[in-house]
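To keep things clear, I will list the structure first and then write my remarks on it.
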Amino acid sequence: MHKVLIKNLNQPELEPIQVGYCSSFFQRLKGLMFHPPLSTQEGILLVYNRDSRMDTSIHMLGVFTDLTVVWINSSNVVVDVLLAKRGKLAYFPKEPARYVLEISPARLNDFKIGDKIQIDT
């Protein structure tokens with residue numbers, strides 16, 4: 001899995017986050033299952049072929065830590081942000097998304113609905 005940089009263009013003072021790029025079915029399915037808690041500078045980006053609410057839903061099975069989850073549409077605009085709690089079965093975005101950014105819970109306030117995101121591959 002290769003790494004990409006995520007930048008919030010609405011908050012350029014924030015340090016970019018280096019995340020794993022997960023575009024295959026099995027990479028997305030595994031996600032952060034059985035992964036230790038994330039540092040504030042790491043995470044994963046789940047990548048799909050189209051904007052969708054159903055496809056970009058996430059599960060928390062085997063995830064032992066809370067996560068900040070940021071849903072981003074194909075225009076690279078944040079459409080939903082939440083704190084996903086370990087132990088809850090699943091989460092769905094409010095609006096269709098193409099990307100799901102899963103990062104440290106400490107980064108929850110770094111993203112807001114409507115923020116423009118840059119993904120450097």
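What follows draws every value from the coordinates through simple rules; no lab data is involved. Treat the numbers as computed from the prediction; the structure is a model and nothing was measured. Virtual Cβ from ideal backbone geometry, glycine too; neighbours counted across all protein chains shown.
In the chain, the DSSP-assigned H stretches of four residues or longer account for a calculated mean residue ellipticity at 222 nm of -1000 deg cm²/dmol, using -39500 (n - 2.57) per stretch and the full residue count as denominator. Computed over the chain, relative contact order equals 31 percent, with contacts defined as Cα pairs under 8 Å that lie 6+ residues apart.
Across region 25-40, coupling constants 3J(HN,Hα) worked out from phi with the 6.51/-1.76/1.60 Karplus curve, θ = phi - 60°, read 4, 6, 4, 5, 4, 5, x, 10, 4, 6, 8, x, x, 7, 6, 6 Hz, and Gly and Pro carry x. Across region 54-99, Cα pairs under 8 Å and at least six residues apart give a relative contact order of 48 percent. Distances between placed amide hydrogens fall under 5 Å for residue 98 paired with 52, 72, 73, 74, all partners being 5 or more residues away or on another chain.
Its Cα gyration tensor gives the chain an equivalent ellipsoid; the semi-axes, largest first and in whole Å, are 19, 16, 14.
For chymotrypsin sites (Phe, Trp or Tyr not before Pro), the sites in region 56-121 that DSSP calls loop and that have at most 15 other Cβ atoms within 10 Å are 64. The label-point distance for residue 94 and residue 18, in a model that sets each label 7 Å from Cα toward Cβ, rounds to 3.3 nm.
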